[in-house]
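What follows is calculated from the coordinates using simple rules that are stated; it is not laboratory data. Quantities reported herein were computed from a predicted structural model and do not represent experimental measurements. Methodologically, a virtual Cβ is constructed for each residue, glycine included, from the backbone with ideal geometry; neighbour enumeration extends over all protein chains shown.
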Amino acid sequence: MIDQNSPLVLVVDDDRTIRSLLRVAMEEEGYRVADANNGEHGLAEFIRLEPDLVLLDAVMPVLDGFACCRQLRELPLGQDVPILMITVLDDPESVDQAFDCGATDYVTKPLHWAVLAQRVRRLLTSRTAVARLRQLEDLLAQQQHRERWWLSWFDRLATSGDEAAISLCLAEMKAFLEVDGAGRR
């Protein structure tokens, strides 16, 4: 049974057999899977489900993978989601087009399942690391803002000459500096 907290992989391919094979392969790796049969349906499912990774065929009716990839990247939630383009196209122009559209990685059919599993795992690991880095950057920015506020407040007190207020300020600042962004000492 797949954990509901497992990453969600959206498979977008017009070939039902490929969708089924990808579903089985991803579920065997422990991922939740949703699918779509063309780029337009893939966009709708992406917006509805907010997947952690997209496996995207390049050649599809209605909206091909290149156009779908470009439109996914234009969405606020689509900017950071890894998109792995999967296609029979292996010419340099198609590879360049995929990356120009915003694909994170590119693999060709027929698929080497072990390679696909590793690529998916690494893309998801990278996504998690980037998200954590952004969280830490936000915490650092908040900490710097608080430090600037305290220093400004302390400067105002120091110029006031009120020694009792300065002593209180120093005690408060010491306590502040001993607490991290999560409120832990």
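Among F66, I166, I2, which residue has its Cα furthest toward the positive end of the charge dipole of the chain, with +1 on Lys/Arg Cβ and -1 on Asp/Glu Cβ? Positive-end residue among those listed: I166. Computed extension gain for F99 through D155, at 0.36 nm per residue and net of the alpha carbon distance, reaches 15.0 nm. Ordering L89, V115, H41 by Cα displacement along the dipole of the chain toward the positive end leaves V115 in first place; charges were set at the Cβ atoms of Lys, Arg (+1) and Asp, Glu (-1).
Size of the dipole of the chain about the Cα centre, Lys and Arg at +1 and Asp and Glu at -1 on the beta carbon, nothing else charged, in debye to 20?
Computed about the Cα centre, the dipole is about 580 debye.
The calculated FRET efficiency for S126 paired with L177, based on their beta-carbon distance and R0 = 30 Å, is about 0.35.
Compared with the rule-of-thumb size 2.2 N^0.38 Å for a compact globular protein, the range 127-177 has a Cα radius of gyration ratio of 1.59. When the chain is treated as a GNM with alpha-carbon contacts under 10 Å, the residue of L139, L116, L168 showing the greatest mean-square fluctuation is L168. Each Cα pair under 8 Å and six or more residues apart adds its separation to the average, and for the chain the resulting relative contact order is 15 percent.
Once both labels are positioned 7 Å from their Cα atoms along Cα-to-Cβ, the gap between V88 and T17 label points is 1.1 nm.
The stretch between Q142 and I47 holds 31.2 nm of extra length on full extension. This uses 0.36 nm per residue minus the Cα-Cα distance. For the pair the range 1-74 / the range 114-140, the C-alpha centres are spaced 19 Å from each other.
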